[in-house]
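Have a look at the structure below, then the notes.
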Amino acid sequence: MLLDILKIRNRSERRRRGHVKGRRLDNRNRLSSSLHSSFASLLSLDNTEHSVNLSPSEARRSLSQVHERWVDQLVTNPDFKIAVIGGGIYGCHFANAFKDACEKASLILKEPIKAKLTIYEKDDELFSQASGKNSFRIHKGFHYPRTGNTRKMCYNDHNKFIHRYPNFFQKVFDEERQEDIPAFAKVFAVAKDDKTKLDYDAMRDLLKGAKYHENCGDSMWDEIDGELWSEEIRNSVDANKQRKQMEVLGFNPDLIDGAFLVQVEPILYADKPGLWFTQQFLQSPFIELRMGHSVDREDIETKAKHVLVHGSPFDLIFNCTYNQAIPLQLSAHTAFYDLCISVIVAEKKNVDTDPMPAVSFGIFDGPFPSLEPYDFASDKNLSGELQKYKGHKLFQIFDVELSSIARSSDPSEAHTLMEAWEEKKKNGCQEYEQVVKDIWDKCKEFFPRLGTDFELAGTWFALKTKVEDENASRPLIVVSDKTVDEEGRFVQVFSSKLTSIFEAEEAVLDLIDDDAAAAAGPVNAQAQARAQASGLRLRPQAQCYTYFYPLHIPLITSHSSSTPTTKKGPILEQNRTKKTHAHAHVDVDNKSRSLICVQ
């Protein structure tokens, strides 16, 4: 069966061999570009000249600097105790960084330190809520044509995530590099519809103007791998050929203003991150998992030297529950909780001989659908309703308009709504079935292939925390919440972007770093004295870190803890190396691109 993991030649290598920009093809077509790229240009250490985001070496250096800041804190205060509420991506990333720093601090001090971070997770598994229910795509910025800050942040954090967690991604074997690389690309299509917020020409112009590397004149448009459909193509001599290709890919060209390929955005395994973090934490003396333990405001008690969670003392508490437990009252925004549904579809097994693999795509820019891969490192971890689809390729349908099925300004009420919809699903309620049908039908309008090559496999529900904003932006906020603890030891971490874990981590360190605190000026004298007693200085509440993003990927929503167990049993096996391929082709820029696909 043809799958949509496709391989291309290293971008910088192509340039050295005489290709113009990133979009030109290898004239020999022996290993020419494909729909789903190798991501190789980002992993090449000598490619900094052409990379418009942080290069791999720059990403490693940035991560190393942050690691050393953690180590400095722990060498100074080897008894440091932190509580993290929420076992999603933010809570687990903080815990993993803390664990690594504890190990190095112990080596420096030549004895095991007593520092510990405790994760309180309300469910029985890590990543059980929105961190384990999202699109799993590591964006590089193409998804956000209207928001320059978000595009830039995606660029800067993209390589950091790849380098920090390389085993979280599906990989394909790159014959040229002779190694496995993260690979999963996407067709970005702009709707020919009066509801779209910008047309294809506007989106193309925006990406051509997006240049984020001071040493390189390349733009985001130079990162694409060619156009599939546009006004120019429709008026060209190859219009019929290109139209047929769009139809073979599965699209309805009459509803699409333009489309292009992007090859640099890998997909996370849906199951791997939570299980990997679980394994790491169970093996570490510096991390304690308290699963099945929720934390509410009444569970927190402030004392002179410590703040207590369920009676246990801590120097600091990080609330990483997607603003759903002990929510921060946002002064500049009104938060609400959006109940969303994902429709999971499976590619039928009788489509093995199709000339094109099923592709991931997004329709822009407005109330339109997208189709994202839903990949598992092991079929053993498929949910009950998906078990019969072992060996099938799974995708998720999201719809900007229809996937949002309920909302509330109160997180408790929102969770009640989610439980009610779970019951509707269980009972086969007509309202639930109609929602699924509407999402399916709308996606099929743009992607008719859905009706012939796919079947409905299941659904999931998740709560996304959003804020009311004219630009549909979503904040990353790291701030000491003195409404919970007057000493500022309760830190709210609220974000809607997967890769902003790195910005959040640095902001957290700034809140507890001596030098940064001194630069910010004095805080309450009594609070400062108590903080210094535990080796810390706290910034004033006014000093917070806020970045705004348009929402796409839902993040953490879990909060609790109990015994360190997991329902999913043994931790995942090593990444499977997929080295068998099948071939298809797509024409881009009047060249034939070989699609080298995993079987």
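The values are calculated or read from the model by the stated rules, or taken from the named source; none is laboratory data. These numbers were taken from a predicted model, which means no experiment stands behind them. Cβ coordinates were reconstructed from backbone atoms using ideal geometry, including for glycine residues, and neighbour counts include every protein chain displayed. Accessible surface areas use protein heavy atoms only, side chains included; no ligands, DNA or RNA. Shrake-Rupley method; radii C 1.70, N 1.55, O 1.52, S 1.80 Å.
Miscellaneous remarks
- Solvent exposure ordering (accessible area, 1.4 Å, most first) of Glu419, Glu68: Glu419, Glu68
- Taken along the Cα-to-beta-carbon direction at a fixed 7 Å, the label points for Lys388 and Val248 span 3.4 nm.
- Label point 7 Å beyond Cα of Glu401 along Cβ direction - residues of the stretch 354-375 with amide nitrogen under 11 Å: 366-369
- Residue separation of Thr302 and Ile108 scaled by 0.36 nm, minus their Cα-Cα distance, works out to 66.6 nm of gained length.
- Stokes-Einstein diffusion coefficient of the stretch 293-338, Kirkwood radius over Cα pairs, 10 °C, 1.306 mPa s, in µm²/s: 131
- Solvent accessible area, Å² - Lys241, 1.4 Å probe, full protein context: 110
- Linear extension gain, Leu330 paired with Lys349, 0.36 nm per residue minus alpha-carbon span: 1.9 nm
- Contact order, relative form, for the stretch 270-395: 22 percent (alpha carbon pairs under 8 Å, 6 or more residues apart, mean separation divided by residue count).
- Sequence of Glu423, Glu505 when ordered by accessible area, the most exposed leading, probe 1.4 angstrom: Glu423, Glu505
- Euclidean distance of C-alpha centroids, the stretch 409-432 and the stretch 115-164, integer Å: 26
- Ranking by accessible area, most exposed first, for Asp123, Asp194, Asp338 with a 1.4 Å probe: Asp194, Asp123, Asp338
- Cross-link pairs beyond the 20 Å C-alpha cut-off, checked among Lys349/Lys388; Lys116/Lys305; Lys133/Lys425; Lys444/Lys497; Lys152/Lys192; Lys152/Lys497: Lys444/Lys497; Lys152/Lys192
- Scattering curve values for the stretch 373-479, log₁₀ I(q)/I(0), Debye with Cα scatterers, q = 0.13, 0.16 Å⁻¹: -0.65, -0.95
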